[in-house]
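Asks: Mind looking over this structure? Questions follow.
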Amino acid sequence: MAEEGATRYEEAEPEGLASALSYPLFDAIFNRRSRRISVGIGSVPAGDLSYSSDKPPQPLSELEEALLIAVTGLTGTTMPDMPFKDPAGGDLFGTPMLFVRGRAAASPDNAQGTSFIMTNDDGTYLIKSTTIDASKLEGATRAEALIECARQAKVKLLEKRLDFPREVPAFFGRNRYVSNLPGTTVFIPIVDLTRQYINGLLFLLSQKDGSRPYFIDDWSFYRAAGCKKWMKSGFLNRNIKVPLGMVGTMRIPIEADLLLQNLFLALEAMGLGGWIHAAPLGPVLLGAKEFRDFGPGLGFRFDKPRKFLRKLLIPITPMPAWCDNPVGIDGVLEGCCPPYYRDMNEAVDAVLASKYGPDGVYSDRESFSDVFKGGQEDVFLAQAPHVRADVVQCTKDICNYIYRTYGRFPAHVDAFFVPGVCLQAHHLDLDYYDQLFRKAYTEQHRCHDARWHADS
């Protein structure tokens, strides 16, 4: 019986879920280990340390999967706890965010460019982690809310497990024998760079007078990247030269690394096995034509640059500037660039609309009221400075230069970045670890089946 005053969640909590949610953080950190051998693996050939098993694969339950999906998702409204005036009373860029709701891991400018591909025995899914917040689902037990959240976040891409021939460059070394096997669930991050690339330019160009960088193209003879007139007018500082190649990924892939660590700690708390390891190379995973012998991958659209001269300059132009650009999956996951927008002016306007439009971040009074006291959200929304018109135009000029010069956006990085790592979750083959190792797993692992699958 639940104690008097207990919430409905506490009264109806499945034992496995309750155990995972109450697991101490520092225990998860200090006990974290890669545990690679899953139930159903069959055999582990390792000389005198070989192991054989006749146990069938044991896929994750819907609730186990849902909790892992939630770990990649939204957690509540971010707090704009920063100044937007300098000591002299001048404006600082006070509206940098691309999303109003925060996520389970940090993100520069709350850009939230990371999506996960999840693949298991049932198929391959895009997890739209930034669309569903389990804390907002009411009228259900916590387990039911998590499952409903996961169902809404999943977009099925393939009717089967995403797999490739078990050889380089899809699989590396020993991973080919223990990765993406029946019964396992694999989470692969992919990162949309396009929106934060634009938003990052808006941020960098919103610095105070004398501090705005002058962008040059280090892959095209170090010429001005569409902003020479802005340097001549004094809007940009000619002495703060920033090569486009140095801009790189705008730091956005850090999201994926932090989210993978969260997933890893969640495995520990749940008593599941798994580890972070190499994923198929980006072109293989996304489905570039050069690697079609390995299969279609995720079926990304690759936009071909229409710049013949750039092809002639391949010897002095690094990749990926002259390569086909992975821009998205039509109707499912689309980059903020052509062909999904008519031109880069329209793409920049789309980013601005997502910030300041009727449904934009800085029009979402309801969300900000969750974190501000006593109506102060209205003060913030009225006073926080928006991006200036001259900053917008300079950003458009740089983006147009990139697209006009290379026939793609971005040019110095791909529209979608593949970090090249993934996380596998699986039920641990305890017999294997009992045969070979001391203290190989925790009480959470030992009691996992009894707590999560007592009725199975």
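Rule-based calculations on the coordinates, nothing more; no lab input. As the structure is a prediction and not an experimental result, all values here were calculated from the model. Cβ sites come from the backbone with ideal geometry, for glycine too, and all protein chains shown count toward neighbours.
Asks: Checking the table Lys229/Lys396; Lys128/Lys156; Lys156/Lys355; Lys304/Lys355; Lys355/Lys396 against a 19 Å threshold on Cα-Cα, which pairs fail?
Replies: From Lys229/Lys396; Lys128/Lys156; Lys156/Lys355; Lys304/Lys355; Lys355/Lys396, over 19 Å: Lys156/Lys355; Lys304/Lys355.
Asks: State, to one decimal in nm, how far the label point of Ala88 lies from the label point of Arg174, with both points 7 Å from Cα in the Cβ direction.
Replies: Going by the 7 Å Cα→Cβ label model, 6.1 nm.
Asks: Could you list which residues have their amide H under 5 Å from that of Gly40, counting only those 5 or more apart in sequence or on another chain, with H placed in the peptide plane?
Replies: For Gly40, the qualifying residues are Lys55.
Asks: Still on this structure, please answer the following. Only helical DSSP H runs with n ≥ 4 go in: add -39500 (n - 2.57) per run for the chain, normalise by residue count and round the 222 nm mean residue ellipticity to 500 deg cm²/dmol.
Replies: -9000 deg cm²/dmol
Asks: I need the peptides 194-204, 28-38 ranked by packing, meaning the mean over residues of other C-beta atoms within 10 angstrom, with the highest value on top.
Replies: 194-204, 28-38
Asks: Given H placed on each backbone N at 1.01 Å, which residues far from Lys85 in sequence or on other chains put an amide H within less than 5 Å of it?
Replies: So Lys85 has HN proximity to Leu92.
Asks: Next question, about the same structure. With angles folded into 0 to 90 degrees, how steeply does helix 254-270 sit against the dominant principal axis of the chain? Use alpha carbons for both and round to 10.
Replies: 20
Asks: I've got another one for you. So what is the relative contact order of the range 328-399, in percent, for Cα pairs below 8 Å that sit 6 or more residues apart?
Replies: Dividing the mean separation by the residue count of the range 328-399 yields 23 percent.
Asks: May I ask you to list the chymotrypsin sites (Phe, Trp or Tyr not before Pro) in the range 207-299 that are in a DSSP loop and have at most 12 other Cβ atoms within 10 Å of their Cβ?
Replies: Answer in residue order: Phe221, Tyr222.
Asks: Still on this structure, please answer the following. Calculate, in nm to one decimal, what Arg388 and Ser363 gain on full extension: separation in residues at 0.36 nm each, minus their alpha carbon distance.
Replies: Gain in length upon complete extension: 7.3 nm.
Asks: Residues with amide H under 5 Å of Arg212's amide H, sequence separation 5 or more or different chain, H placed in the peptide plane at 1.01 Å from N; which?
Replies: Distant-sequence amide H within range of Arg212: Asn237.
Asks: Now, a different point. If you plug each phi of the range 232-248 into the Karplus form 6.51 cos²θ - 1.76 cosθ + 1.60 with θ = phi - 60°, what whole-Hz ³J(HN,Hα) values come out, in order, with x for Gly and Pro?
Replies: 5, 7, x, 5, 9, 8, 4, 8, 10, 8, 10, x, 4, x, 6, 4, x
Asks: Could you work out the relative contact order of the chain, using alpha carbon pairs under 8 angstrom and six or more residues apart, expressed as a whole percent?
Replies: 23
Asks: Distance from the Cα centre of the range 148-185 to that of the range 100-132, in angstrom?
Replies: 17
Asks: Could I ask something else about it? Per-residue HN-Hα couplings for the range 431-438, Karplus 6.51 cos²θ - 1.76 cosθ + 1.60 at θ = phi - 60°, whole Hz, x for Gly and Pro?
Replies: For the range 431-438, the Karplus curve yields 4, 4, 6, 5, 6, 10, 10, 8 Hz.
Asks: Then there is this: Residue-wise, which Karplus ³J(HN,Hα) couplings in Hz belong to the range 397-408, taking 6.51 cos²θ - 1.76 cosθ + 1.60, θ = phi - 60°, and x for glycine or proline?
Replies: 5, 5, 5, 5, 4, 4, 5, 5, 7, 10, x, 7
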